[in-house]
Ligand SMILES: Nc1ncnc2c1ncn2[C@@H]1O[C@H](COP(=O)(O)OP(=O)(O)OP(=O)(O)O)[C@@H](O)[C@H]1O
Ligand SMILES: Nc1ncnc2c1ncn2[C@@H]1O[C@H](COP(=O)(O)OP(=O)(O)OP(=O)(O)O)[C@@H](O)[C@H]1O
Ligand SMILES: [Mg+2]
Ligand SMILES: [Mg+2]
């Protein structure tokens, strides 16, 4: 990757998001490089989903700019943007239509792209996320939580995007199924050169997926880490240290105030 | 007969689907006292359905049967619906897996929790409001006043999860069924929420069914772990005996745990499922 020469497909500068008088995101800046997997981690409520939503045009940008291929995005996202950028929501109901069968939802992107071999593509997509054709005629509410999450991922991939905004894409999956999905994402990144903006509260997952990680707290960026720094625990802020420490697991008696 | 808090025998749930009948639960049996039981198992193995069936919350088109479903000496299979509704919410609380979807979208968070406190514990409005602030703080919501005024779509995923938990905890049930209650929480907040649950269980002698896909978390937090696979319980272990697990699914899962120092881009280990696991 020749940084500097190629333009960041996605960049965020001084981003602020306000809801009435509540500031959910304050002055956040980062670039996502071509072919990179960029992680966002941090406390619940720190603004991670809001950043993805602001990029996707679903939350108001009150300050700063979001650039797509170097150009500031407009209030209504361009056709090129909508084609290239897909979002997998944290709440999988958000990504799926409640009254359409899985088959119909997976057919939609294929129809829009004007591709043939519809059934083969659908089968492949659903098997890649560890499910099978027996799920095709179900509605979202007839699936388990993790099955819904995987259908949402399969749908986003069928659109053949260049950039995926993934909000906790595997939080409802056990480690084995999660590994299948993460391996699939790694394969696609290598074969199709996809770029990911990856939100997760699980540091092990982010460590396995991402080259660079931005740690968020209270709507602000606290620290930008390389994957190496995170894995070896070489962090400079107390909060990042606390996160790493807590990821060692539940020990009765240790709470947030004491940890860190 | 022992005085179990909950006693389930041969619970079966079948759905009619266009692809044929789907036997989602195939004879689930277990009994528990006032303890912390973890239910783990892969996606689709029937964990949520087990929790919902205990409260009779399976969708109408499902066929549900059981040889026994007793809660605190009462037979929930033959109980009149009115009595069942009273138990639900007051004595058994269920934290659903999709909190945003389960909260009422047109009522503020504060109103929903206060209503639960009034219905579950007969509180006055003023007392319920004060209690709402207290439980929201207890689940680590730092600005409860703002969050009480918010509607469900105005809170984050992890906040919605904690709000749902607060709403159940505020009723002080005897049995709490928590379906993936911390799956959206970062580790620091997760530890706080677990500490809160621990405290309630010790202080009030509550029973807890903790549904999770996270084997490591459950083994650290619960007394006993039930492992489900394809609609059945394949193994039941003391939490500290997980390393002695026999079932290949359980053993396989333990080998798949990613470590924080995993090299980026390196493929993660996955389980090879065997068709025989479904029947053996
Ligand atoms: N539409 C909205 N109106 C008002 N406040 C909002 C809205 N959306 C988000 N917020 C607030 O913004 C803050 C950040 O929310 P966000 O969903 O981005 O958090 P998050 O980092 O994704 O947390 P989690 O890990 O729990 O999903 C929260 O305090 C939330 O209440
Ligand atoms: N309404 C329904 N109609 C048909 N099948 C259903 C319905 N609800 C659930 N199922 C199926 O029953 C099985 C068990 O579902 P359940 O929600 O209990 O899984 P789970 O163990 O909680 O999984 P997850 O970890 O993904 O949440 C799944 O295969 C699911 O697809
Ligand atoms: Mg979020
Ligand atoms: Mg479930």
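The values are calculated or read from the model by the stated rules, or taken from the named source; none is laboratory data. The shown structure was predicted, so the numbers you read here are calculated from the model rather than taken from an experiment. Glycine also receives a Cβ, built like all others from the backbone with ideal geometry; neighbour counts cover every protein chain displayed.
Can you find a residue that is facing chain A (nearest Cβ under 9 Å) and in a loop (DSSP other than H, G, I, E, B) anywhere in the stretch B:272-280? Break it down stepwise before answering.
Restricting attention to the stretch B:272-280, the residues satisfying the condition of being facing chain A (nearest Cβ under 9 Å) are B:273.
Add one more test, that the residue is in a loop (DSSP other than H, G, I, E, B), and what stays is B:273.
Yes; the residues of the stretch B:272-280 include at least one that is facing chain A (nearest Cβ under 9 Å) and in a loop (DSSP other than H, G, I, E, B).
Across the stretch B:134-186, what is the number of residues that are assigned to a helix (DSSP H, G or I), closer than 22 Å to residue B:198 by Cβ, more than 14 Å from ligand 3 (Cβ to nearest atom) and in contact with a helix residue (DSSP H, G or I) (Cβ under 8 Å, 6 or more places away or on another chain)?
Result for the stretch B:134-186: 11.
Which of the residues that make up the stretch A:18-44 are within 16 Å of residue B:150 (Cβ to Cβ) and free of Cβ contacts under 8 Å to residues at least 60 places away in the same chain?
So the first thing to find is which residues in the stretch A:18-44 are within 16 Å of residue B:150 (Cβ to Cβ), and the list is A:18-24, A:44.
Within the stretch A:18-44, A:18, A:19, A:20, A:21, A:22 qualify.
Looking only at residues in the stretch B:147-162 that are surrounded by fewer than 23 Cβ atoms within 10 Å (Cβ to Cβ) and more than 15 Å from residue A:51 (Cα to Cα), which one is farthest from the chain's Cα centre (by Cα)?
Our first condition is that a residue be surrounded by fewer than 23 Cβ atoms within 10 Å (Cβ to Cβ); within the stretch B:147-162, this holds for B:148-156.
Retained after the next criterion (residues that are more than 15 Å from residue A:51 (Cα to Cα)): B:148-153.
Working: B:148: 24, B:149: 27, B:150: 25, B:151: 23, B:152: 20, B:153: 22 Å.
Step by step, filter the stretch B:147-162, then rank; the result is B:149.
Determine whether residue A:247 is modelled with pLDDT under 90, within 10 Å of chain B (Cβ to nearest Cβ) and within 25 Å of residue B:195 (Cα to Cα). First the steps, then the outcome.
On the way: modelled with pLDDT under 90: yes; within 10 Å of chain B (Cβ to nearest Cβ): yes; within 25 Å of residue B:195 (Cα to Cα): yes.
Answer is yes for this residue.
Pick out the one residue from B:177, B:211 that is away from ligand 1 (no atom under 12 Å from the Cβ), within 11 Å of chain A (Cβ to nearest Cβ) and at pLDDT 95 or above.
Working: B:177 fails: within 11 Å of chain A (Cβ to nearest Cβ).
Just one listed residue meets the conditions, B:211.
What helices (runs of 4 or more DSSP H) completely inside the stretch B:31-125 contain at least 1 residues that are away from ligand 4 (no atom under 16 Å from the Cβ)?
Values: elements: B:47-54, B:81-90, B:99-102, B:109-121.
Output list reads B:81-90, B:109-121.
I'd like to verify a number: residues in the stretch A:28-71 that are within 14 Å of chain B (Cβ to nearest Cβ), over 23 Å from residue A:223 (Cβ atoms) and out of contact with any helix residue (DSSP H, G or I) (no Cβ under 8 Å at 6 or more places or on another chain), how many?
Result for the stretch A:28-71: 1.
Just name the residue that is nearest to ligand 4 (Cβ to nearest atom) out of those in the stretch B:128-138 that are under 24 Å from the mean Cα position of the chain (by Cα) and either surrounded by fewer than 22 Cβ atoms within 10 Å (Cβ to Cβ) or at positive phi (or both). Before you say what the answer is, go through the steps one by one.
As a first pass, look at the stretch B:128-138 and keep what is under 24 Å from the mean Cα position of the chain (by Cα): B:131-138.
If we keep only those that are either surrounded by fewer than 22 Cβ atoms within 10 Å (Cβ to Cβ) or at positive phi (or both) as well, we get B:131, B:133-134, B:137-138.
Numbers: B:131: 29, B:133: 31, B:134: 29, B:137: 28, B:138: 25 Å.
Ranking the candidates gives B:138 first.
In the stretch A:162-184, what residues are in contact (Cβ under 8 Å) with a residue 60 or more places away in the chain and more than 7 Å from chain B (Cβ to nearest Cβ)?
Answer for the stretch A:162-184, where residues must be in contact (Cβ under 8 Å) with a residue 60 or more places away in the chain and more than 7 Å from chain B (Cβ to nearest Cβ): A:162, A:163, A:164, A:165, A:166, A:167, A:169.
Among the residues in the stretch A:209-223, are any in contact with a strand residue (DSSP E or B) (Cβ under 8 Å, 6 or more places away or on another chain), facing chain B (nearest Cβ under 10 Å) and modelled with pLDDT under 90?
Scanning the stretch A:209-223 turns up no residue that is in contact with a strand residue (DSSP E or B) (Cβ under 8 Å, 6 or more places away or on another chain), facing chain B (nearest Cβ under 10 Å) and modelled with pLDDT under 90.
Quick one: which residue in B:29, B:53, B:45 is crowded, with 21+ Cβ neighbours inside 10 Å, within 22 Å of residue B:215 (Cα to Cα) and out of contact with any helix residue (DSSP H, G or I) (no Cβ under 8 Å at 6 or more places or on another chain)? Quick ask: steps written out before the conclusion?
Working: B:29 fails: crowded, with 21+ Cβ neighbours inside 10 Å; B:53 fails: within 22 Å of residue B:215 (Cα to Cα).
Residue meeting the stated conditions: B:45.
Taking the stretch A:72-103, which residues are within 13 Å of another protein chain (Cβ to nearest Cβ) and outside any strand (DSSP E or B)?
Going residue by residue through the stretch A:72-103, those that are within 13 Å of another protein chain (Cβ to nearest Cβ) are A:88-96, A:98, A:101-103.
Matches in the stretch A:72-103: A:89, A:90, A:91, A:92, A:93, A:94, A:95, A:96, A:98, A:101, A:102, A:103.
Based on this model, can you work out whether residue B:188 counts as crowded, with 20+ Cβ neighbours inside 10 Å, within 16 Å of ligand 4 (Cβ to nearest atom) and at pLDDT below 95?
Values: crowded, with 20+ Cβ neighbours inside 10 Å: yes; within 16 Å of ligand 4 (Cβ to nearest atom): no; at pLDDT below 95: yes.
When the stated conditions are applied, residue B:188 does not pass them.
Helices (runs of 4 or more DSSP H) wholly in the stretch A:114-208 with at least 2 residues that are under 15 Å from the mean Cα position of the chain (by Cα) - which ones?
Working: elements: A:118-128, A:145-158, A:175-192.
Result: A:145-158, A:175-192.
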